[in-house]
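Read the structure below first, then the notes.
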Amino acid sequence: MGTKEKSMDLSSPPGFVQLFEATRKVASEVAAAHAADVDAKARFPIETLAALREYGVLSAAVPRELGGAGCNMQELSQLCATLAQHCASSAMVLAMHYIQLACLARHGMESEFFRGYLSELVRRQYLLASMTSEVGTFGDTRSSICAVRCGDGCFQLDKDATTGSYCAHADAILVTCRRDEEAANSDQVLVLVRREDCTLTQTTSWDTMGMRGTCSPGFKLVSAGDEAQVLPGSFADSSAQTMVPYSHILWASLWWGIAAGAVAKAANFVRSQARQKPGSVPPTASRLAEVSVELQAFKQNWMSAARDFDALGDGPQGREELLSLGWALRLNNLKIASSEAAPEIVHRALKIVGILGYKNDSPYSLGRHLRDSLSGALMISNDRIAAKNASMLLVHKEAA
Ligand SMILES: Cc1cc2nc3c(=O)[nH]c(=O)nc-3n(C[C@H](O)[C@H](O)[C@H](O)COP(=O)(O)OP(=O)(O)OC[C@H]3O[C@@H](n4cnc5c(N)ncnc54)[C@H](O)[C@@H]3O)c2cc1C
């Protein structure tokens, strides 16, 4: 895993406006400059993550009472969308980190250990990764084979994960597992495994079509630590109330960011065509107008989900609502629609730009955008999600 970064000045924690400005700057000045190299070498975006740490962006989701910015879903999704316009892999790392952070912040606040850990995360700008996948569970995050073993105040946990994004660069990994060795596959908990608690052995490679900078090969994890690192409650609840909403909304926002980045390139191309023939509107301009309709509708979809999620509040009633079929369907629909919309919009942008978008060495190149956006439908397979929706719709009668 990666090295610890410099400490934050806790006397003046940045608010959302400062974090947004900082993310915009990091996106356009750092992420944009390194995105092609990150993609070509399938390497971790170290420069971007270092810059985000420098500005305190990694603690945006930590509650204010623990020194973080206390950003809500609408704010976090804007940060992810902004970064994704220049480097989708960096944005995916940030989104996955926020998803794990939200699990700790929303389910660990009663625990002295987790409150202490979150305060430390603000100072040290720790990066959190996730291990839900496992050899033998076939993409079903709500099922585990491995089990945590607790005794004498300690835990032991070993896991064979198929895919572990940036695990080798993270300060800690949130790992799903069975509650104990007698528990059913679906009776899961989350365990915070810190870098110093584990050994990681890489088992597969990550030479993929896209999202290459997420560095997500398989890993064998062998770990041990304090029993207090087992997150209170069940993963059934933290998944429905936090992991799924944060994943689907933040992923949707970053997939939108990829599409927006591609449309921005297409718009630049159309303007350059217009400049070549002053006084005329190039034929590609009407294609651009058409794709901007799709982009706007896509944005409204994730923004409205983020707004409605924030409106639920963090009380018991809001948490209860998130367990409803209505919310499950809405979030699943958002995930399916956004992961399909992103590559479609990028493809439309490519058709506007033409050969200069198809070339890898042109300023209008859209290859990386298209390849990155194709991961959305696979990252928790849309077919798997659609099958769950099909069962829920048999009993859920309210209109969407
Ligand atoms: C960029 C990226 C980053 C990732 N990062 C992480 C990470 O950090 N940590 C982690 O744990 N995991 C990570 N994953 C893995 C992810 O969580 C899933 O485990 C993985 O994407 C699912 O792999 P799969 O296609 O083998 O799964 P499956 O869901 O088993 O799908 C295999 C095939 O079966 C089909 N299928 C499945 N169910 C049904 C059904 N009910 N009906 C019809 N067809 C079905 C699918 O369409 C697909 O064709 C990442 C994945 C990606 C793409």
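The values are calculated or read from the model by the stated rules, or taken from the named source; none is laboratory data. Quantities reported herein were computed from a predicted structural model and do not represent experimental measurements. Virtual Cβ from ideal backbone geometry, glycine too; neighbours counted across all protein chains shown.
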Output yes when any residue across the stretch 94-108 is out of contact with any helix residue (DSSP H, G or I) (no Cβ under 8 Å at 6 or more places or on another chain), more than 10 Å from the ligand (Cβ to nearest atom), in a loop (DSSP other than H, G, I, E, B) and in the same structural domain as residue 26 (by TED's automatic domain parsing), and no when none is.
no
Does any residue of the stretch 336-357 turn out to be loosely packed, with under 14 Cβ neighbours inside 10 Å and of a type in the set (S, T, N, Q)?
no
Does the stretch 44-54 include one or more residues that are in contact (Cβ under 8 Å) with a residue 40 or more places away in the chain and among the β-branched types (Val, Ile, Thr)?
yes
Could you tell me whether any residue of the stretch 20-28 is at pLDDT below 95, closer than 19 Å to residue 128 by Cβ and β-branched (Val, Ile, Thr)?
no
Considering only the stretch 217-271, state which residues are charged (D, E, K, R) and over 23 Å from residue 171 (Cβ atoms).
237, 265, 271
